[in-house]
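See structure below.
The values are calculated or read from the model by the stated rules, or taken from the named source; none is laboratory data. Please read these numbers as outputs of a predicted model, since none were measured by experiment. Note that each Cβ is placed from the backbone with ideal geometry, even for glycine, and that neighbours are counted across all protein chains shown.
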Amino acid sequence: MEVISKEMQRLLATGSTLRAMFEEGKRMVKQYGAENVFDFSLGNPSVPTPAAMNESMINVINNTDSMMLHGYMSNAGYESSRQAVADDLNRRFGTHFAAKNVTMTVGAANALVIAIKILTNPGDEVIVFAPFFLEYRNYISNFGAKTIVVPPNPPTFMPDMDAFAAAITERTRAVIIDNPNNPSGVVYDVETIRKMAAIMEEKQKEYGTSIFLLSDEPYREIVYDGVEVPFLTKYYRNTLVCYSYSKAMSVPGERIGYLLMPDEVDESEQIIAASSIGIRVLGCVNAPSLQQLAIIGAMDHLCDVNEYDKNRKLLMEILDEAGFEYAKPQGTFYLFMKTPIEDDRAFVAKAKDDYQLLLSAGSAFDCPGWLRIAYCVPHDRIARSRSRFVALGHEFGLN
């Protein structure tokens, strides 16, 4: 008799490509020495957490009754935290949200899973655009829904609108976008969002259904060269926003974010009520109490994006010298590079084994022939990797 479910057996067999590479990096450090291993595999923020966030946590601990601080609250979160989020969004984007429109969550992933739980039944379909964050498939399959992939559109990686329209059926319940995008680093601009919204509006009328846009936004504030990220509730009515403070505040381990549910979405009252049940039945009960209160005093103090920009520019300079092709990143702290051979996994293995460069195969993001480089690392690591990238490119006749 098998004790572990078939689905968990599948997950054990496939595992997480990114986490596996991260663990391999730790092994290689012992073998080669830390100075000779160049790990660009994991999106772990490298810029210090803003002092205001640490100070706010200390202030909350020192000035909040311990029974309140460490006790239960409403499943949706503290009223003060939810109102602070609504006020922050209203100030920045000219919106009109209230505390009731916000449920505090255990990061953006929790918000996304709650939204999928609310919206889908077994057999329903959720559309994603390749390349996409590899865990989306698991989030969707948790509830018996089916992942429908719109193929990648290199080298710009802007969504192919014809392919998108063709992917929508009467079973489509949601469309997930990650903007700025992990792993490509591209930003879907206003024109792109308007085209997507028009297609979804047309399909809603055609099928007589509600199709929700789930905006996964952990990298919203990490952008460069004056690029602006559209706030999607202003362009498509049935939009739910899944946000995390993990990247913009360099606090991924704290697991704090929110699910935003505007009044304008179909059946908004039921969705808002369901979000409080969703976070409970999924096992979280509520978002961490300390972090809910701490972000109130730190929302205006984000990490220094200039540090990531310095890394981005140096990495592009190195890859240009080495002769590699890549999509210029407009946001996040990832760069998507084209592999000089079709088999991206084989290329990643060679980079690791022969040059101690730890990269993430694009196949993990449903985009073979490409790879992701996470440049959220010490600047010196990128500088020291120059000779390795140049030598790797030279082996494939690129320089």
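From the list PRO218, PRO252, PRO230, which residue is closer than 24 Å to LEU371 by Cα and in contact with a helix residue (DSSP H, G or I) (Cβ under 6 Å, 6 or more places away or on another chain)? Please lay out each step first, then the result.
On the way: PRO252 fails: in contact with a helix residue (DSSP H, G or I) (Cβ under 6 Å, 6 or more places away or on another chain); PRO230 fails: closer than 24 Å to LEU371 by Cα.
It is PRO218.
Considering ARG388, ARG312, ARG372, which residue is surrounded by fewer than 23 Cβ atoms within 10 Å (Cβ to Cβ) and modelled with pLDDT of 95 or more? Explain how you work it out, then say what you get.
Numbers: ARG312 fails: surrounded by fewer than 23 Cβ atoms within 10 Å (Cβ to Cβ); ARG372 fails: surrounded by fewer than 23 Cβ atoms within 10 Å (Cβ to Cβ).
None of the others qualify; the one that does is ARG388.
Among the candidates PHE143, PHE164, which residue alone is aromatic (Phe, Trp, Tyr) and closer than 27 Å to GLY283 by Cα?
On the way: PHE164 fails: closer than 27 Å to GLY283 by Cα.
Of the residues listed, the single one that is aromatic (Phe, Trp, Tyr) and closer than 27 Å to GLY283 by Cα is PHE143.
What are the pairs with Cβ atoms under 6 angstrom where one residue, in region 365-385, is at positive phi and in the same structural domain as PRO45 (by TED's automatic domain parsing) and the other, located anywhere, is part of a loop (DSSP other than H, G, I, E, B) and among the hydrophobic types (A, V, I, L, M, F, W, C)? Sequence gap at least six, or different chains.
Listed pairs, sorted by first residue: ASP366/ALA130.
Conditions tested, residue by residue: (1) more than 18 Å from PHE336 (Cα to Cα); (2) among the aliphatic types (A, V, I, L, M); (3) in contact (Cβ under 8 Å) with a residue 40 or more places away in the chain.
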| residue | (1), (2), (3) |
| --- | --- |
| ALA167 | yes, yes, yes |
| ARG171 | yes, no, yes |
| ALA174 | yes, yes, yes |
| PRO180 | no, no, yes |
| MET200 | yes, yes, no |
| VAL223 | no, yes, yes |
| THR239 | yes, no, no |
| CYS242 | yes, no, yes |
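Restricting to region 340-369, what's the tally of residues that are crowded, with 24+ Cβ neighbours inside 10 Å and among the hydroxyl-bearing types (Ser, Thr, Tyr)?
Residues flagged as crowded, with 24+ Cβ neighbours inside 10 Å and among the hydroxyl-bearing types (Ser, Thr, Tyr) within region 340-369 amount to 1.
Could you run through region 144-183 and say how many residues are of a type in the set (Phe, Trp, Tyr) and under 20 Å from the mean Cα position of the chain (by Cα)?
From region 144-183, those of a type in the set (Phe, Trp, Tyr) are 157, 164; that's our starting set.
From what is left, the residues that are under 20 Å from the mean Cα position of the chain (by Cα) are 157.
Final tally of qualifying residues: 1.
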